[in-house]
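Read through the structure below, which is laid out as structure tokens, and then see the notes.
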Amino acid sequence: MSKLKLNRAVAFIDLETTGINIASDRIVEISIVKLLPDDSTHTETFRINPTIPIPAEASAIHGIFDKDVKDCQTFKQLAPALLKILDQCDLAGYNSNKFDVPLLVEEFLRAEVDFDIENRKLIDVQNIFHKMEQRTLAAAYKFYCHKDLTGAHGAEADAKATYEILQAQLEKYDSLEGNVAFLQKFSSNNDSVDLAGRIVRDKKGIEVFNFGKHKGKPVAEIFKSEPSYYNWMMDGDFPLSTKRVITKLRLKAFNK
């Protein structure tokens, strides 16, 4: 019997991609292990034509080459099906708060599909692991599940392993609660405003920059005193999701 107590489904996701740049790289494979409140699971795995070449160094890691995906659907074509699968689901993964979720959201934005993220709980199993043990995915699987991870860097194998690790973490640590709200809070590194962590809330709850020359400074103040900084970000290589956030913050400041 699972120690996870769910009010709605949780989708464990894992992506294989053309690289690690959220703003410019693309998904070539996605696997979703959907855990339902009755403890049943449903797995879906899709290969995706990224519409850009897959670099050799990326193929060397996940084993997916251009020829393997040339006849697959693009993300834009697959987006409606993915939206349906993920409907009413909270999201979980391994390093997912920093990479998988931001890149997935970015792909939906590029496809001009409205993927609601604000009303979903996000659980990052890597953050739980690092707070408890400080290891990697394969080591986490060995440590918690006492098994070797075969098929590593295949989206389905990694997503299933992540789900098993979370179950084992709940069994091992009595201090972990098996509800999504607790796990989201525990596995969060900081109070990020945008998915990429470029904007965070400080101790007073004020949105501040988390990078560059204005790190730690309030976003609203910088956009007021240096309007060109907003334009620089909008024209720069930032994720669309980050650009959405700074636009909302700028409009909120104007309306005060």
- Message: Just to verify a result, which residue in the range 125-165, among those that are outside any helix (DSSP H, G or I) and among the hydrophobic types (A, V, I, L, M, F, W, C), is modelled with the lowest pLDDT?
- Response: Ala152
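Residues in the range 205-217 that are under 16 Å from Ala253 (Cβ atoms) and out of contact with any helix residue (DSSP H, G or I) (no Cβ under 9 Å at 6 or more places or on another chain): how many?
Start the filter on the range 205-217 by keeping residues that are under 16 Å from Ala253 (Cβ atoms), which leaves 205-209, 214, 217.
Checking which are out of contact with any helix residue (DSSP H, G or I) (no Cβ under 9 Å at 6 or more places or on another chain) leaves us with 205, 217.
Here the count works out to 2.
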- Taking interchain pairs and intrachain pairs at least six residues apart, which have beta carbon atoms under 6 angstrom, with the first residue in the range 224-250 and part of a helix (DSSP H, G or I) and the second surrounded by 11 or more Cβ atoms within 10 Å (Cβ to Cβ) and of a type in the set (Val, Ile, Thr)? Tyr229/Ile222; Met233/Ile246; Ser241/Val105; Val245/Val193; Val245/Ile199; Leu249/Val219
- Among (1) surrounded by 19 or more Cβ atoms within 10 Å (Cβ to Cβ); (2) within 28 Å of Arg110 (Cβ to Cβ), which single condition is Asp191 missing? (1)
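Restricted to the range 1-37, and to residues that are touching a Gly at 6+ places or on another chain (Cβ under 7 Å) and in a loop (DSSP other than H, G, I, E, B), which residue is modelled with the lowest pLDDT? First the steps, then the outcome.
Applying the first criterion (touching a Gly at 6+ places or on another chain (Cβ under 7 Å)) to the range 1-37 yields 3-5, 12-14, 25.
After this cut, where a residue has to be in a loop (DSSP other than H, G, I, E, B) as well, the list is 3-4, 25.
On the way: Lys3: 82, Leu4: 88, Asp25: 95.
Residue satisfying both the conditions and the ranking: Lys3.
Name the residue, out of Thr150, Thr136, Thr162, that is assigned by TED's automatic domain parsing to the domain that holds Asp38, crowded, with 21+ Cβ neighbours inside 10 Å and either free of Cβ contacts under 8 Å to residues at least 24 places away in the same chain or on the phi < 0 side of the Ramachandran plot (or both). I'd like the intermediate steps shown before the answer.
Details: Thr150 fails: crowded, with 21+ Cβ neighbours inside 10 Å; Thr136 fails: crowded, with 21+ Cβ neighbours inside 10 Å.
Only one candidate qualifies: Thr162.
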- Checking Ala196, Ala168, Ala220 in turn, the sole residue that is part of a loop (DSSP other than H, G, I, E, B), touching a helix residue (DSSP H, G or I) at 6+ places or on another chain (Cβ under 8 Å), surrounded by 13 or more Cβ atoms within 10 Å (Cβ to Cβ) and touching a residue at least 12 places away in the same chain (Cβ under 8 Å) turns out to be Ala196
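The values are calculated or read from the model by the stated rules, or taken from the named source; none is laboratory data. These numbers were taken from a predicted model, which means no experiment stands behind them. Neighbour counts run over all protein chains shown; Cβ positions are idealised from the backbone, glycine included.
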